[in-house]
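Visitor: Handing you a structure now.
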Amino acid sequence: NGSIEYASAGHESSWLLDPDGKLRELPSTGPPVGTGMDLGWEAEVLTARPGTRILLATDGVTEATAPDGSLFTRTRLGRDFQEDARL
């Protein structure tokens, strides 16, 4: 039916890329697991059209460093994901 249901316990946000190129960041839906903050986590439901792409990544990607010490960053991850879809 085109719906995506997700929950994220304080992890890196995921990205959803619509077929028209619109990039959406899927924010965390609750506190990180293991912090003692058992407040619960909400599930979000989104609608996705055919051709929608989703990117899941860990902080190991966004915190990777180049030889000069610069971080890869979430901004670059989102930009590269969006640009790759145009190819």
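Visitor: Considering only region 30-44, I want to know if a residue exists there that is of a type in the set (Val, Ile, Thr) and under 15 Å from the mean Cα position of the chain (by Cα).
Guide: no
Rundown of residues vs (1) closer than 13 Å to PHE81 by Cα; (2) in contact with an Asp or Glu (Cβ under 7 Å, 6 or more places away or on another chain), yes/no style:
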position: ALA9; (1), (2): no, no
position: LEU23; (1), (2): yes, no
position: PRO27; (1), (2): no, no
position: GLY30; (1), (2): no, yes
position: VAL33; (1), (2): no, no
position: ILE54; (1), (2): yes, no
position: THR58; (1), (2): no, yes
position: GLY69; (1), (2): no, no
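Visitor: Can ARG86 be described as modelled with pLDDT of 90 or more and out of contact with any His (no Cβ under 9 Å at 6 or more places or on another chain)?
Guide: Working: modelled with pLDDT of 90 or more: no; out of contact with any His (no Cβ under 9 Å at 6 or more places or on another chain): yes.
In short, no.
Visitor: Out of all the residues in region 42-77, which are of a type in the set (Gly, Ala, Ser), surrounded by 10 or more Cβ atoms within 10 Å (Cβ to Cβ) and either closer than 14 Å to PRO19 by Cβ or at pLDDT 90 or above (or both)?
Guide: ALA48, GLY51, ALA64, SER70
The values are calculated or read from the model by the stated rules, or taken from the named source; none is laboratory data. Just so we're clear, the structure is a prediction, and the values are computed from it rather than from any experiment. Don't worry about glycine lacking a Cβ; one is built from the backbone with ideal geometry, like all the others, and counts go over all protein chains shown.
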